Structure formats: C-alpha cells, structure tokens
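Enquirer: Okay, handing you the structure first.
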Amino acid sequence: MFLHFIWKVIKVFSTLSEEIQLNESFIIGKGGVKTVYQHPNYQSRCIKIAYNFSKKRPVRREILYLIFYYHYHKPFTHLSAFHGMCKTNFGKGAVFDLIRNYDGSLSKMLSDHIIDPNLPQLSPAQIVLLLDELYDHLIEHSIIACDPAANNLAVQFSEPECAKLVIVDGIGNPHFVKIADFSKKYAAKTIHKKWQKYVERSQILHEVLSKGKYKVKIL
Ligand SMILES: Nc1ncnc2c1ncn2[C@@H]1O[C@H](COP(=O)(O)OP(=O)(O)O)[C@@H](O)[C@H]1O
Ligand SMILES: [Mg+2]
C-alpha cells in the first residue's frame with residue numbers, strides 16, 4: 001500500500017502534459033507564494049504556479065498530503081483536489097479543483113465575505129456554523145490544515161442559501177516528526193493548535209466570532 005503511494009507520487013511529478021499557454025488575463029488570485037490561473041482547458045480547474053521560491057517547501061508538502069489523503073480515501077468534500085503537474089509558459093504548475101458556486105461563479109474566500117459588503121451577506125452566526133462544521137470534519141477525518149486562515153477558505157454555495165467552506169491552501173502536517181499522520185489523537189492536537197492560531201486568534205475573524213457567539217474549541 002505504501003509503495004503504491006510512493007509510485008503514485010513519482011508518477012505525478014514526472015508526467016507533464018504539453019505546454020499550456022497562460023497570460024495575465026487568466027489570473028484569478030495571488031497569495032504570498034503562488035499565482036493562481038484559470039485552467040484554459042477546464043472551467044472547473046486552476047493552475048497554481050509558485051513565484052516565491054523561498055517558500056516552495058509548503059507547496060510540495062501540500063501536494064504530497066493531497067495525494068496521501070486521496071490514496072487513503074479521505075473525503076474531499078472540504079478540500080480542493082489535486083489533479084497533477086503541468087508545463088506552462090510560466091514554468092511548472094500544479095492543477096487543482098477551482099471552487100465554483102452552483103451558478104458557475106467563482107467562490108470567494110471567507111475573508112472577502114467579511115470585508116466586501118457587496119458579496120452575499122453571511123451573518124456572523126452563519127459563519128460560525130460553517131467554521132464549526134469544518135473543524136468537526138477535520139477532526140473526524142484527521143485532515144491536517146496547517147493554515148486555515150480566512151483567505152484560504154473558499155465559501156462555496158451549492159444553492160443560494162446553502163454554503164460550505166473548502167480549504168484551498170495549507171493542507172498537510174508541517175511537523176518534522178510525523179506522528180500525527182498515523183495517530184488520530186496527535187492529528188487532533190495539531191489541527192486544534194492551528195485552528196487556535198489561524199481562526200480563534202485571527203484579527204479579521206475576531207468581531208465575527210464574538211457576534212456569532214463562537215464557542216472556543218476544547219480538545
Ligand atoms: N481552488 C481555488 N478555487 C478558487 N480560488 C482559489 C483557489 N485556490 C486559490 N484561489 C485564490 O487564489 C488566492 C491565492 O491562492 P493560494 O493557493 O492561497 O496561494 P498562496 O499560497 O500564495 O497563499 C486565494 O486566496 C484565492 O483567492
Ligand atoms: Mg493562501
């Protein structure tokens with residue numbers, strides 16, 4: 001089983017398709033590490049290209065963990081699936097699910113929903129519900145999100161009134177000793193610590209959490 005996983009990883013990193021032509025008009029987002037482009041051949045996929053080479057390690061880690069989670073049949077309901085590497089005119093890219101809503105529009109990040117009054121307004125109580133649901137899901141399936149910040153959580157509407165959070169960045173266990181990959185208890189500890197740091201102590205979420213009567217998680 002483990003050798004099969006290693007084989008999958010080697011295959012993913014060595015298979016590159018024909019060169020895909022991108023330009024600035026395909027950009028849909030940019031963070032501190034990657035530029036994200038609409039995939040020209042697939043409406044529901046994006047191509048992520050790292051431009052900050054000092055932070056390539058977490059990018060590789062995320063891909064390895066997405067392959068690992070897929071291989072061990074973890075649910076992808078709250079994750080953006082990885083579809084392999086590709087060659088582009090801007091260098092090597094990684095292909096992921098692009099998160100879209102029921103009407104085909106691009107899903108916005110939770111941070112956008114908090115800052116932008118023009119987006120469908122989610123009440124603080126609704127946001128707290130979405131966060132609670134995501135936290136429970138991560139703990140139940142031992143999915144480690146090392147950076148569950150509001151700008152990495154897409155709010156995906158499957159219907160006008162029905163939303164869920166999808167993590168688009170920061171998956172994987174950042175610790176050198178990988179006990180949390182094989183122990184549910186340690187995985188929960190890691191998830192909880194990151195949740196405290198990026199959600200419960202987040203500046204941008206602070207007001208929403210208090211208005212929405214968020215209850216601090218206890219392990
Ligand atoms: N799968 C996705 N679906 C929709 N938008 C995305 C997706 N991935 C990234 N984005 C957008 O691109 C931005 C940067 O992507 P991200 O992977 O977080 O890069 P970085 O590692 O540089 O933070 C995100 O904040 C979001 O706005
Ligand atoms: Mg990000």
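Enquirer: May I ask you to verify whether ALA150 is in contact (Cβ under 8 Å) with a residue 24 or more places away in the chain, closer than 19 Å to HIS73 by Cα, hydrophobic (A, V, I, L, M, F, W, C) and touching a Ser or Thr at 6+ places or on another chain (Cβ under 9 Å)? Lay out the reasoning, then the answer.
Expert: On the way: in contact (Cβ under 8 Å) with a residue 24 or more places away in the chain: yes; closer than 19 Å to HIS73 by Cα: no; hydrophobic (A, V, I, L, M, F, W, C): yes; touching a Ser or Thr at 6+ places or on another chain (Cβ under 9 Å): yes.
Answer is no for this residue.
Enquirer: Could you say which residue among LEU138, LEU79, LEU129 is surrounded by 13 or more Cβ atoms within 10 Å (Cβ to Cβ) and in the same structural domain as TYR37 (by TED's automatic domain parsing)?
Expert: On the way: LEU138 fails: in the same structural domain as TYR37 (by TED's automatic domain parsing); LEU129 fails: in the same structural domain as TYR37 (by TED's automatic domain parsing).
Answer to the check: LEU79.
Enquirer: Quick one: in region 174-216, which of the residues that are surrounded by 13 or more Cβ atoms within 10 Å (Cβ to Cβ) and among the polar types (S, T, N, Q) is farthest from the chain's Cα centre (by Cα)?
Expert: SER183
Enquirer: Mind counting the residues in region 83-108 that are assigned to a strand (DSSP E or B), under 19 Å from ILE171 (Cα atoms) and either touching a residue at least 60 places away in the same chain (Cβ under 8 Å) or of a type in the set (D, E, K, R) (or both)? First the steps, then the outcome.
Expert: Looking only at region 83-108, we keep the residues that are assigned to a strand (DSSP E or B), and these are 83-88, 91-97, 100, 106, 108.
Checking the rest, the ones that are also under 19 Å from ILE171 (Cα atoms) come to 83-85, 93-97, 108.
Those left that are additionally either touching a residue at least 60 places away in the same chain (Cβ under 8 Å) or of a type in the set (D, E, K, R) (or both): 84-85, 93, 96-97, 108.
So the count comes out to 6.
Enquirer: Looking at TYR186, TYR214, can you tell me which residue is among the aromatic types (Phe, Trp, Tyr), in contact with a helix residue (DSSP H, G or I) (Cβ under 9 Å, 6 or more places away or on another chain) and touching a residue at least 12 places away in the same chain (Cβ under 8 Å)?
Expert: Values: TYR186 fails: touching a residue at least 12 places away in the same chain (Cβ under 8 Å).
Of TYR186, TYR214, the one residue that is among the aromatic types (Phe, Trp, Tyr), in contact with a helix residue (DSSP H, G or I) (Cβ under 9 Å, 6 or more places away or on another chain) and touching a residue at least 12 places away in the same chain (Cβ under 8 Å) is TYR214.
Enquirer: If I filter region 186-195 for residues that are among the hydroxyl-bearing types (Ser, Thr, Tyr), within 16 Å of ligand 2 (Cβ to nearest atom) and in the same structural domain as LEU122 (by TED's automatic domain parsing), do I get at least one hit?
Expert: Among the residues of region 186-195, not one is among the hydroxyl-bearing types (Ser, Thr, Tyr), within 16 Å of ligand 2 (Cβ to nearest atom) and in the same structural domain as LEU122 (by TED's automatic domain parsing), which makes the answer no.
The values are calculated or read from the model by the stated rules, or taken from the named source; none is laboratory data. Model, not experiment: these values are computed from the prediction. Counting neighbours? That spans all protein chains shown, and the Cβs are built from the backbone with ideal geometry, glycine included.
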